[in-house]
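Asker: Okay, here's the structure, questions in a sec.
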Amino acid sequence: MSQAVFKQRNGLMAVVLVTDCGLITPEKLKLLGEMTDEFAIKTFKLTTRQTIIALLPEEQVGAFTKAAEERGFKIGYFKEAVRNVKACSGSSDLCPRALGEALPLGIKLQEKFFGRELKHDFKIAVAGCHRGCTDPYCADFGVIARGNNLFDIYIGGRGGSRKPVHGVRIAEKVREDGIEEILAFILNTYNELAEPGERLCLTIERVGLEKFIPEEIIKKYKEQGEIIDQDFLKLLQGGK
Amino acid sequence: MEQGVNLERLWGPLAKICSECDYADGPDCNPQKCFISFAKTVIDYSRTKGVTEIPGIHKLIPPQDLKPYYKDLVSEGLAITCQECRQCRENHSPDCVVALVRTSLEGTVLPEHLDYPGSVLVYLAKVKELDPELAEFIAAKMAKK
């Protein structure tokens, strides 16, 4: 597994700093500002994976990554590991269109699975509604809120590719508390069945999707009873 | 239900009913007490969230609303719900946005609840059994559009 530190054409080094699914507190932003002078950072670049790239001279990289980690930043991974999780601002505090708590779920999944070693890099995306702003349909593991704390799960997507692949829905309306277990099953099965360097979509193509569907776990967490949309209920009762 | 419900069309007749309502903006202008206010809340929610089905919500339609409503105005709204209906038949959901607006409108003028059959033609026949004049109004409004 490798840290995401890359040499750029202009000779500077790019160090990828992981955020909490794009969320960054003013305190952390201040820390970044302070480090700008300290480590001669030339500029920052925001990435499509909700990370921040710091561009700085090569001789500063070691000291900068050490200081960044000491100040609570994680350095990104690339190659054969679970990458940082992408999540939209879907939550009861932010996006009014959200049907579920995508952002807290994304942060939770990142905390638990980020950096786990695999046969190929593995991208997770969580979206608060079917619009899928974080591209969950093109992630190795995509989660989409359906309302009432229920989520759909897609696997085997591939974005950022000359040959993009849409994921396949393997679970519909499962409760939030089952998602970690389903993801753990997918990761274990993937590690067991994949050839070295084989992306999930290709493993699925080779061995079949059914091996990746944890029927029993899905059944355990699938919403069975009747539900009432809680967000609508709040609106009806004059809440937010 | 398929995507593509024209929420603005559904909204139009509701706004018209409100503009002629003596109780508008008063204490009874409340989605927990007023059928029309409830239907507007459904449309607002659907527009914001981008959903056409709101689970379990048909149970929250106000049990009664004793304000007077005019069949002529209400039938315009019902005609539009018929046109926006995707006629899902056995897949019909009472929590579909179109169904929620229709049920709310029905509550203003019909003496009893109607189970929607999932088809416009069968629906009109059922309305006719309960209120022939209303069925005629709806059919006329549908023919005009």
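Asker: Of A:Lys108/B:Lys40; A:Lys28/A:Lys220; A:Lys42/A:Lys123, which pairs sit farther than 32 Å apart, going by alpha carbon to alpha carbon?
Answerer: A:Lys108/B:Lys40; A:Lys28/A:Lys220
Asker: Could you tell me which of the pairs B:Lys33/B:Lys71; A:Lys7/A:Lys30; A:Lys119/A:Lys219; B:Lys67/B:Lys126; A:Lys222/B:Lys67; B:Lys16/B:Lys126 are separated by over 31 angstrom between their Cα atoms in the structure shown?
Answerer: Violating the 31 Å Cα-Cα cut-off are A:Lys222/B:Lys67.
Asker: By average Cβ neighbour count within 10 Å, what is the ranking of A:88-96, A:5-13 from highest down?
Answerer: Peptide ranking by packing, descending: A:88-96, A:5-13.
Asker: For n ≥ 4 DSSP H runs only, could you compute -39500 (n - 2.57) per run for chain B, divide by its residues and tell me the 222 nm figure to the nearest 500?
Answerer: -17500 deg cm²/dmol
Asker: Taking θ = phi - 60°, what integer Hz values does the Karplus form 6.51 cos²θ - 1.76 cosθ + 1.60 yield along region B:98-105, in sequence order, with x for Gly and Pro?
Answerer: Rounded to whole hertz, the list is 4, 5, 5, 5, 4, 4, 4, 5.
Asker: Provide a whole-number value for the mean count of partner chain Cβ atoms within 10 Å of the Cβ atoms in peptide B:52-62.
Answerer: 4
Asker: So, with a 1.4 angstrom probe, what is the percent of accessible area on region A:81-240 that is carbon and sulfur?
Answerer: Its accessible area is 48 percent carbon and sulfur atoms.
Asker: Also, I was wondering about something else. Please compute, for peptide B:41-49, the average count of beta-carbon atoms on other protein chains lying within 10 Å of each residue's beta-carbon.
Answerer: 4
Asker: Considering chain A as a Gaussian network with a 10 Å cut-off on Cα pairs, which listed residue, A:Glu216, A:Glu226, A:Glu205, attains the greatest mean-square fluctuation?
Answerer: A:Glu226
Asker: Same structure, new question: Compute the Cα gyration tensor for chain A, then decide on rounded, prolate or oblate, letting a ≥ b ≥ c be the square roots of its eigenvalues: rounded whenever a/c is under 1.5, prolate when a/b is larger than b/c in the other cases, and oblate in all that remain.
Answerer: It comes out oblate by the Cα gyration axes.
Asker: For A:Lys66, list the aspartates and glutamates whose Cα falls under 16 Å from its own Cα; do not include residues on the same chain fewer than 8 positions away.
Answerer: A:Glu34, A:Asp37, A:Glu38, A:Glu58
Asker: Quick one: which residues, 5 or more positions from A:Arg146 or on another chain, have an amide H under 5 Å from its amide H? H modelled 1.01 Å from N in the peptide plane, none for Pro or chain starts.
Answerer: Those qualifying (amide H under 5 Å, at least 5 residues apart or on another chain) are A:Phe151, A:Asp152.
Asker: Evaluate the charge dipole of the protein assembly as shown about its Cα centre and quote only its size in Debye, nearest 20, assuming +1 on the Cβ of each Lys and Arg and -1 on the Cβ of each Asp and Glu.
Answerer: Roughly 1180 debye for the protein assembly as shown.
Asker: Follow-up. For chain A, set up a GNM with springs between Cα atoms under 10 Å and report which of A:Pro196, A:Pro57, A:Pro26 has the largest fluctuation.
Answerer: A:Pro26
Asker: Using a Förster distance of 35 Å, how high is the FRET efficiency between A:Arg116 and A:Lys219, based on the Cβ-Cβ distance and rounded to 0.05?
Answerer: So the FRET efficiency works out to roughly 0.90.
Asker: Please compute the contact order of region A:1-154 in relative form: average sequence separation of alpha-carbon pairs under 8 Å and at least six residues apart, divided by the residue count, as a percent.
Answerer: Worked out over region A:1-154, it gives 20 percent.
Asker: Another question about this same structure. Among A:Leu209, A:Gly178, A:Tyr221, pick out the residue whose Cα is farthest towards the positive end of the charge dipole of region A:176-226, where Lys and Arg carry +1 and Asp and Glu carry -1 on C-beta, about the Cα centre.
Answerer: A:Leu209
Asker: If you build a Gaussian network model of chain B, linking Cα atoms that sit under 10 Å apart, which residue out of B:Leu105, B:Leu60, B:Leu130 swings the most?
Answerer: In the Gaussian network model the winner is B:Leu60.
Asker: Using θ = phi - 60° and the Karplus relation 6.51 cos²θ - 1.76 cosθ + 1.60, list the HN-Hα couplings for region A:149-154 in order, rounded to whole Hz, with x at every Gly or Pro.
Answerer: Per-residue couplings from phi come out as 6, 10, 9, 9, 10, 10 Hz.
The values are calculated or read from the model by the stated rules, or taken from the named source; none is laboratory data. Predicted, not measured: the structure shown is a model, and the values here were computed from it. For neighbour counting, all protein chains shown are included, and Cβ atoms are generated from backbone atoms with ideal geometry for every residue, glycine included. Quick note on the areas: whole protein, heavy atoms, side chains included, nothing else; ligands and nucleic acids left out. Shrake-Rupley method; radii C 1.70, N 1.55, O 1.52, S 1.80 Å.
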